[in-house]
């Protein structure tokens with residue numbers, strides 16, 4: 001942690017030193033200098049706090065850092081009246097980037113398994129219900145009977161093959 | 001001396017068009033119907049947006065109602081169009097549009113489980129641009145208002161600084177948390193496979209083919225290491241042209257690689273990179289394109 005902060009301070013210090021004539025030019029107003037300082041300090045602090053939910057819109061940047069990432073993910077499957085399964089098209093909710101919302105649904109499910117609270121279970125149930133409603137708004141002729149959440153575990157064997165294991169973690173039946 | 005110091009009126013105007021162009025695309029793709037259908041009970045305001053908790057809960061219900069989100073989409077599209085075209089008076093229009101962007105961000109973020117890092121650069125850039133003379137060039141008004149000595153570089157440098165510091169922080173975190181292990185063990189393989197198998201409308205499955213070849217995996221790991229080094233050094237491209245060219249050669253293909261191998265596409269960052277790190281002020285367009293030359297001679 002301290003090393004990481006030290007590296008960041010080194011980089012930021014070097015940048016501010018190299019660009020001192022521009023950043024802190026005597027022609028530049030005090031407000032603009034303050035904006036530069038706020039931005040740089042804010043970015044460092046947000047990175048140290050590591051919780052977007054506290055620091056947003058200043059973000060924590062840590063993509064693809066853990067050396068032992070989880071080898072599982074969740075899939076959200078709609079089941080229609082013919083028994084056919086299809087991936088829930090999350091672009092119906094967010095066309096630009098679906099995964100942050102997928103994480104929200106995943107978090108709701110995790111919370112419902114962890115905390116035995118009616119409110120939490122109700123939140124998951126109503127969200128899945130609404131997701132089906134959204135789907136049926138776009139595809140009114142398709143009758144959906146279930147929305148399943150599966151956990152998919154995978155094993156990758158280098159230069160060989162991929163083994164997938166699916167198990168159902170939650171099923172939401174549509175009345 | 002910083003490279004972007006020379007960024008003048010044209011670069012700033014181009015940045016204005018690109019940034020508000022990105023938000024225009026996002027606004028057009030925004031689905032107010034879907035968001036208004038989601039249960040309010042799962043909404044969670046983030047960071048500075050928690051200020052909403054000071055207001056009665058009815059305000060949140062209004063903000064998440066269908067008619068409000070529909071109006072938001074409409075006004076946001078018009079605002080972004082006006083900003084792209086450089087309609088005057090620019091500052092009031094741009095500040096109002098940025099306010100709408102913040103409201104949009106508040107709504108979408110509240111229903112998300114993590115943040116969309118791809119939108120952070122254009123989010124801050126829109127704020128910087130709104131308070132700048134970004135409309136002095138490339139606008140629908142014929143009269144150019146470029147004034148010598150006016151500071152056109154400030155929003156451009158701030159955007160470049162935000163973007164490059166973010167890249168640098170990612171690289172530093174990866175080395176500090178993952179160490180060399182992340183570059184030598186099968187972590188990259190797991191990331192590639194997980195993101196390929198996980199649902200995405202892009203639907204690329206290149207990784208599943210690539211992992212069948214041992215030498216490709218080795219190449220990907222070497223590439224991951226090189227990209228992480230480039231990320232750490234990102235802010236220094238503001239000061240050195242050679243480093244900037246090398247960085248572009250590494251990072252632009254990297255962003256396309258993440259699309260084909262992980263279904264992750266930071267198109268907003270690619271557009272920002274194309275404006276910020278190419279010297280648009282001094283390009284001799286005629287020499288680049290023989291067709292233009294021929295046309296001019298005729």
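Where a number appears in this text, it was derived from the coordinates with a stated rule and is not lab data. Computed from a predicted structure; not experimentally measured. Note that we place each Cβ from the backbone using ideal geometry, even for glycine, and neighbour counts take in every protein chain shown.
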Give me the percent relative contact order of segment B:1-168, please, defined on Cα pairs under 8 angstrom at least 6 residues apart. 37
Per principal axis, largest first, the Cα atoms of segment B:151-226 extend in Å by 54, 33, 19
Extending each Cα 7 Å along its Cβ direction at residue B:240 and residue B:218, get the distance between those two points in nm, one decimal. 2.9
Under the definition of Cα pairs under 8 Å and six or more residues apart, what whole-number percent is the relative contact order of chain B? 25
Using Stokes-Einstein with the Kirkwood hydrodynamic radius over Cα pairs, what translational diffusion coefficient do you get for chain A at 37 °C and a viscosity of 0.692 mPa s, in µm²/s rounded to a whole number? 160
Mind sorting B:228, B:97 by how few other Cβ atoms lie within 10 Å of their own Cβ, fewest first? B:228, B:97
GNM result for chain A, Cα springs below 10 Å: residue of A:62, A:26, A:95 fluctuating most strongly: A:26
Would you mind computing Rg(Cα) / (2.2 N^0.38 Å) for segment B:1-168, counting N as its residues? 1.12
Could you tell me whether chain B comes out rounded, prolate or oblate from its Cα gyration tensor? Rule is a ≥ b ≥ c as square roots of the eigenvalues, rounded for a/c under 1.5, then prolate if a/b exceeds b/c, otherwise oblate. oblate
What's the extension gain from residue A:111 to residue A:169 if we count 0.36 nm per residue and subtract their Cα-Cα distance? 19.6 nm
Using Cα pairs closer than 8 Å and at least 6 residues apart in sequence, work out the relative contact order for chain A, in percent. 18
Would you compute, from DSSP H runs of 4+ residues alone, the mean residue ellipticity of the protein assembly as shown at 222 nm, taking -39500 (n - 2.57) per run and dividing by the full residue count, rounded to the nearest 500? -18000 deg cm²/dmol
Could you check which residue among B:240, B:263, B:185 shows the biggest mean-square fluctuation in a GNM of chain B with a 10 Å Cα cutoff? B:185
Hey, fewest Cβ within 10 Å first, where do B:174, A:28 land in order? A:28, B:174
Checking A:77, A:63, A:102 against a Gaussian network model of chain A (alpha-carbon springs below 10 Å), the top fluctuating residue turns out to be A:63
Taking all pairs of distinct alpha-carbon atoms in segment A:24-116, Kirkwood radius in angstrom: 17.6
Using a 10 Å cut-off on Cβ to Cβ distances, tally the other chain neighbours for every residue of B:18-28 and report the average as a whole number. 1
Residues residue A:33 and residue A:130, FRET efficiency given R0 of 35 Å [Cβ-Cβ distance, rounded to 0.05]: 0.15
Report, please, the projected area of the protein assembly as shown averaged over directions, based on the convex hull of its C-alpha atoms, in nm². 26.7
Residue order, fewest to most beta carbons within 10 Å, for B:106, B:114, B:256, B:20: B:256, B:114, B:106, B:20
